[in-house]
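The values are calculated or read from the model by the stated rules, or taken from the named source; none is laboratory data. These numbers come from a predicted model, not from an experiment. The accessibility values were calculated without ligands, DNA or RNA, using every heavy atom of the protein model including side chains. Shrake-Rupley method; radii C 1.70, N 1.55, O 1.52, S 1.80 Å.
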Amino acid sequence: MKNNRGHTDRDSAALGPEPAAPQTDLTPAVAFVHEHLASQAGAVTISALAAMTGLHQNTVREHLDQLVEAGAATKSKAASTGRGRPAWLYRAAGSPQTGTSEYLGLASVLAAHIARTSANPREDGIAAGIGWGRDLAREAAETRAEADASEGGAARSAAVEQISAVAETVTLLDELGFAPEPADTTASAEAATDRRSFRLTRCPLLEAAHEHPDIVCGVHLGLVRGALEIFGDATADSELEPFSEPGACRLHLQDRASDTADASVTTSARKPDQ
C-alpha cells in the first residue's frame, strides 16, 4: 500500500477532496486534518489520516485529540479481529454513516478470516469481487432493459449501446458510493492507449479497508473486473492503487470505446447533484 508522507501540506490539500465547512475556532493545522477527516465516507485510523495528509502519525494524533475535545470529531474502537489491540477510529462530527456498525464489523471479521485462512488473500478477495461485480452489473443491465421496454425507447436503447463498458462501470461505482472523479492527466502514453484514470474519493467499506487493504481493495478491484465483463469488455485492463494519494484511491481502466463515449464517462462519473 502506498503512502504520501513525502507530500507537503500544500500538496496534500491540493490533491485531496474539497474542504468541508471551515471551523473558525480551529488552528489552520488542526483544520487541515479536520478537512481530510470530514471528506471521508466513514471512520478512519490515525495511520490512514497520516497517509492522506502527509503528516507524521504523532502530529495527526495530537490534532485529532484537539478535534475530539472541541466536539468536531468522535473516537471509537474498531471491531476486534482477534489480532492485537483494536485501533482507534475517528469520524468528523455530523458526518453521514455509510452503513450500520454491524455490517462494517462483519466486513472486518470476514476480511480477517480470509487473512488467517487463505494462502493468497488478495487473489481470493479479487475472485470474490469478480462474482459480486458480475451480479451487480447484471442487475443494473436488467433494470435498464426494463426501463427501456416500459418507455418503448428504441432511440434511447440505441444511444445507451454506445456507452462504453468503462462508462457503465464508473456509473456503477458512483451508485455504490465510491464517488469516482475523472483524474487529470496529461500522460501521452495513457492517452495513446485509451487508458483512463479515476479518483475514488469515497469507500463504502473504509474501516475494513484500513484494517485489511489487500483483501478489501482486492474485492473492489474484482468488482470492477466483473462489471467490465458483464458490460461487454471482459479483456479490459484494470488496476487499483489503494490510498495512493491524499483523499483518494486511483483506478486505471482500459477504455476501448469510441470518442463519442468519452463524454459519457466524464458526465457519469459524478451526478450533477453531488
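Those residues that are closer than 11 Å to ALA165 by Cα and open to solvent by less than 70 Å² (accessible area, probe 1.4 Å), I need them from segment 214-225; list them, please. Full working, then the answer.
The initial filter retains those residues of segment 214-225 that are closer than 11 Å to ALA165 by Cα, namely 224-225.
Matches in segment 214-225: VAL224 only.
Just checking, how many residues over segment 131-160 are of a type in the set (A, V, I, L, M, F, W, C), at pLDDT 75 or above and open to solvent by less than 60 Å² (accessible area, probe 1.4 Å)?
Residues of segment 131-160 that are of a type in the set (A, V, I, L, M, F, W, C), as a first pass: 132, 136-137, 140-141, 145, 147, 149, 154-155, 158-160.
Then keep just the ones that are at pLDDT 75 or above; that gives 132, 136-137, 140-141, 145.
Now drop any that are not open to solvent by less than 60 Å² (accessible area, probe 1.4 Å), which leaves 136-137, 140-141, 145.
Selection size over segment 131-160: 5.
State which residue is nearest to VAL216 (Cα to Cα) when the search covers only segment 120-129 and only residues that are open to solvent by 40 Å² or more (accessible area, probe 1.4 Å) and assigned to a helix (DSSP H, G or I).
The initial filter retains those residues of segment 120-129 that are open to solvent by 40 Å² or more (accessible area, probe 1.4 Å), namely 120, 122-124, 127-128.
Subset that is assigned to a helix (DSSP H, G or I): 122-124, 127-128.
Working: ARG122: 8, GLU123: 11, ASP124: 10, ALA127: 11, ALA128: 10 Å.
My answer is ARG122.
Is it the case that GLY232 is part of a helix (DSSP H, G or I), modelled with pLDDT of 85 or more and not aliphatic (A, V, I, L, M)?
Working: part of a helix (DSSP H, G or I): no; modelled with pLDDT of 85 or more: yes; not aliphatic (A, V, I, L, M): yes.
No; evaluated as a whole, the condition is false for this residue.
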